[in-house]
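The values are calculated or read from the model by the stated rules, or taken from the named source; none is laboratory data. Because the structure is predicted, anything quoted here is derived from the model rather than measured. In this analysis, Cβ positions are derived from the backbone assuming ideal geometry, glycine residues included, and neighbour counts consider all displayed protein chains. Remember, those area values only see protein heavy atoms, side chains included, never the ligands or the DNA or RNA. Shrake-Rupley method; radii C 1.70, N 1.55, O 1.52, S 1.80 Å.
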Amino acid sequence: MSNATAEEDIRVDIPMSDDQLERKIRPILHKPYGSMDLVSVKAPTNHGSHSKDSNWWVVLNLAFQSIGIVYGDLGTSPLYVYPSIFSNGIKHRDDILGALSLVFYTLTFLPLVKYVFVVLRANDNGEGGTFALYSLICRYARVSLIPSQQAEDREVSNYKLELPSKRLKLASVLKSSLQKSQFAKIFLLLVTMLGTSMVIGDSIFTPSISVLSAVAGVKEVTSALTDDMIAGISVVILIFLFMIQRFGTHRVSYTFAPVLCVWFVLIGGIGFYNIIKHDTTVLKAINPMYILEYFIRNKKDAWISLGGVVLCTTGAEALFADLGHFSVRAIQVSMCSMVYPALILAYTGQSSYLRQYPDEVSDAFYKSVPGPLYWPMFVVSILAAAIASQAMISGTFSIVHQSLSLGCFPPVKVVYTSANHEGQVYIPAINYILMLACIGVTAGFKSTVKIGNAYGTAVVFVMTLTSSLLVLVMIMIWKTNIFLIILYILTIGFAELLYLSSVLYKFTSGGYLPLAFSAVLMIIMYVWNDVYRRKYHYELDHKISPARLKEISANKNMSRIPGLAMFYSGLVHGIPPIFEHYVSNVPALHSIIVFVSMKSLHINKVPPEERYFFRRVEPRELFAFRCVVRYGYKDVREVAFEETLVTRLKEFIQEEILLQNQILSTIGNNAEKGTEPEGEIVERNNDVANAKQVEEEIMQQEIEQLQKEWEEAGIVHMIGESEVIAKKEANIMKRIVINHVYNLLKRNVRQREKVFDIPHKRMLKVGMTYQL
């Protein structure tokens, strides 16, 4: 274990007087509470170069596994893309070439170029998704609205960013503008929330459209099934799919990889067969001139059809969102070696078939399957649709988990489904909400074309928002050449805005649904986050002063009882008001007091050895400590939290004494270098040795007392039972948000003790009222 060191260097290179030395070390040992740097308890950190990309065998293994988890949505898009593009039928034979050319370049520039080779680089220590991009920006530009930030947070090893170039001027201007503007901070948070809401919306439409498209293939062998019956069968499959979520996906996902490999081989092989059999001239669609001719020929209808074209990119966001399970290189290998070629062959094969049979566009996928392969393809398509749904549902659980960690979502029960993969979670409440929404969408629309209108809106919104955040990362963090940034905006950015305008045209035909759903989610997320921040500032304004702490410690009517008391609060910058409420009503304090604050950082994981930060609360007779427990948004709270905290506290006490002994040694060395008489130097050294011995004895006594109180009397957890109301002078909107919306959410979510998993027998609630 490394020795705890203060931020200020105390090495002495020239003789100093005692007064000078005391002035130098006093700020380190005697800073007022709230300003002193916390002393961290760390084990040696291994900063080796181990990486998921360091071994090609590991990369290939991860690439194979990623096929079963990441590409289900993207891979099943051939089921419904052409029916959505030509919802009113094919009017001209060459329109097929124009559509194929659009699909080819859309697949190439958006999932392949943008996500696989650009966006994946903007990962947060291996994690992807909207919140990962937001976290990168917040760490670099200090635009986070989370109030519990500390300077010590930047010392966490995962917090640091590598800046690859020297183009500083534009980055500095943008960074300064964001940091100074409260509107920009709120807007950035809202953009992140909107992107997150849209991804959650994807997990409603993906199961609906994928399963419905796959089941609709049965009409090829029997015309007795109506649309209502097909929707009913799809609903049954969806219910089954959501009911098995509780068992976790870690085993099932790896089993799915061979299924999707078979799927990609089949759609690629059938596509190649159709090209050879029906019309090889479709290969000339690689010429973008066919896109221009398509727009000249169809004008407004061609623009409207872009809403169907963009469905070929569904699931592209999953490449980034699911990055944490794999690696950048693994996803690049799987995409380039299997997924992209198979999809291009599949769309080209369907186009070749439609050149001969344009009237069958409403069911182009199954019509183009050769007869002997129909039933195998039908079975595999059902499985592939289920896998596509599974990927987005699991992704939603992860996104909600991230939102919970950053205070942007009401507390809900989170179940960790894998002992080996911490990021794999199951959230029962979200699961049932998604199930009901999927059933409603499937039973209500009953058509992949109508669902596609809604689905396209969610897909393009997420892509556009990701590009917006990515441009900020390019400017501020990567410091990319301005001409490359402009090129990105003029090509990919312009294409996404064009697709966005097309899907919004279908607003009344289903496009409103994801926007309405996202608006509701955003209101919930923002209200919860806003009141969360207001509560923090209320605690900060009402924290206990050092003078009041001394008064409490000196109060002779305040008895000390055996045991260790933990007071929980979100406050990291002082003693929370919950302590004042407690001592005002209970004239007794436990022998040892720890004020515990759990906070989340804008990083995916905090190394365990850097998680606990302690400091002693003065006066020393109070025997109280401050503990800030820091987690990343993908971290899992320890099962043995109490034991870990007590162990870290012992280490902190040892570190604290070692630091003071180092300072005492410095005093002795300084005396030897001075001009004092030898007798005074000897006396000084004896005083230093005695002081060290006293400090070590105190340390040993404190550690023994801590162990004794924990083992014999145990720990009591003090939780604030808060009532939140708006001030009387608050405006109507604020009263509605706090008194009604927030309190409605609060009554219907998990209580704090359940979130922390605190035993009821050792828990005491302290009532408080927040007037915000």
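Among the candidates 87, 148, 101, the residue that is modelled with pLDDT under 80 and either part of a loop (DSSP other than H, G, I, E, B) or within 14 Å of residue 344 (Cα to Cα) (or both) is uniquely 148. When the residues of region 535-559 are filtered to those that are of a type in the set (A, V, I, L, M) and not in a loop (DSSP other than H, G, I, E, B), the one that is surrounded by the most Cβ atoms within 10 Å (Cβ to Cβ) is 544.
Among the residues of region 594-601, is any touching an Asp or Glu at 6+ places or on another chain (Cβ under 7 Å), surrounded by 21 or more Cβ atoms within 10 Å (Cβ to Cβ) and in contact (Cβ under 8 Å) with a residue 40 or more places away in the chain? Looking through region 594-601, at least one residue is touching an Asp or Glu at 6+ places or on another chain (Cβ under 7 Å), surrounded by 21 or more Cβ atoms within 10 Å (Cβ to Cβ) and in contact (Cβ under 8 Å) with a residue 40 or more places away in the chain. Across region 199-229, the qualifying residues are those that are open to solvent by 50 Å² or more (accessible area, probe 1.4 Å) and acidic (Asp, Glu), and the one among them that is modelled with the highest pLDDT is 228. Only residues that are open to solvent by 40 Å² or more (accessible area, probe 1.4 Å) and in a helix (DSSP H, G or I) were counted in region 471-500, giving 11. Of all the criteria given as (1) surrounded by fewer than 16 Cβ atoms within 10 Å (Cβ to Cβ); (2) closer than 18 Å to residue 625 by Cβ, the one not satisfied by residue 729 is (2). Evaluating residue 167 against the criteria (1) among the charged types (D, E, K, R); (2) at pLDDT 85 or above; (3) not in a helix (DSSP H, G or I) leaves one unmet condition, (2). Considering every residue within region 230-253, establish whether at least one is over 30 Å from residue 325 (Cα atoms), surrounded by 14 or more Cβ atoms within 10 Å (Cβ to Cβ) and of a type outside the set (Val, Ile, Thr). Yes; the residues of region 230-253 include at least one that is over 30 Å from residue 325 (Cα atoms), surrounded by 14 or more Cβ atoms within 10 Å (Cβ to Cβ) and of a type outside the set (Val, Ile, Thr). Can you name the residue in region 703-726 that is in contact with a strand residue (DSSP E or B) (Cβ under 8 Å, 6 or more places away or on another chain) and open to solvent by 80 Å² or more (accessible area, probe 1.4 Å) and is also nearest to residue 647 (Cα to Cα) among such residues? Looking at the filtered set, the residue picked out is 712.
Of 559, 518, all but one fail to be closer than 18 Å to residue 191 by Cα and touching a residue at least 12 places away in the same chain (Cβ under 8 Å); the exception is 518.
Selection of helices (runs of 4 or more DSSP H) fully inside region 242-325 by the criterion of at least 1 residues being under 25 Å from the mean Cα position of the chain (by Cα) and modelled with pLDDT under 95 returns 250-277, 316-321. Selection of region 516-566 for residues being outside the structural domain of residue 589 (by the TED database), among the β-branched types (Val, Ile, Thr) and out of contact with any helix residue (DSSP H, G or I) (no Cβ under 6 Å at 6 or more places or on another chain) yields 520, 523, 524.
Selection of region 375-418 for residues being without any contact (Cβ under 8 Å) to a residue 40 or more places away in the chain and over 25 Å from residue 260 (Cβ atoms) yields 404, 414. Residue pairs whose Cβ atoms lie under 6 Å apart, sitting 6 or more positions apart in sequence or on different chains, and linking a residue in region 339-362 that is open to solvent by 30 Å² or more (accessible area, probe 1.4 Å) to a partner that is in a helix (DSSP H, G or I), are 340/112; 345/268; 345/271; 345/272; 360/367; 362/83.
How many residues are assigned to a loop (DSSP other than H, G, I, E, B) and either at pLDDT 95 or above or among the polar types (S, T, N, Q) (or both) when one looks only at region 64-84?
1
Note on region 457-502: residues that are at pLDDT 90 or above, over 20 Å from the mean Cα position of the chain (by Cα) and within 21 Å of residue 103 (Cβ to Cβ) total 13.
Is it true that some residue in region 92-99 is open to solvent by less than 10 Å² (accessible area, probe 1.4 Å) and either farther than 24 Å from residue 280 by Cβ or not assigned by the TED database to the domain that holds residue 297 (or both)? No, region 92-99 has no match at all. Pairs meeting the criteria (first residue in region 125-144 and free of Cβ contacts under 8 Å to residues at least 60 places away in the same chain and under 20 Å from residue 184 (Cβ atoms), second residue hydrophobic (A, V, I, L, M, F, W, C) and part of a helix (DSSP H, G or I), beta carbons under 8 Å, at least 6 apart or on different chains) are 143/137; 143/178; 143/184; 143/188.
Look at region 582-630 and say how many of its residues are more than 30 Å from residue 127 (Cβ to Cβ) and among the acidic types (Asp, Glu). Of the residues in that region, 2 qualify. Being modelled with pLDDT under 85, of a type in the set (Asp, Glu) and out of contact with any strand residue (DSSP E or B) (no Cβ under 7 Å at 6 or more places or on another chain) is true of residue 638.
For region 416-437, state whether one or more residues are in contact with a helix residue (DSSP H, G or I) (Cβ under 7 Å, 6 or more places away or on another chain), part of a helix (DSSP H, G or I) and buried (at least 22 other Cβ atoms within 10 Å of the Cβ). Yes: region 416-437 contains one or more residues that are in contact with a helix residue (DSSP H, G or I) (Cβ under 7 Å, 6 or more places away or on another chain), part of a helix (DSSP H, G or I) and buried (at least 22 other Cβ atoms within 10 Å of the Cβ).
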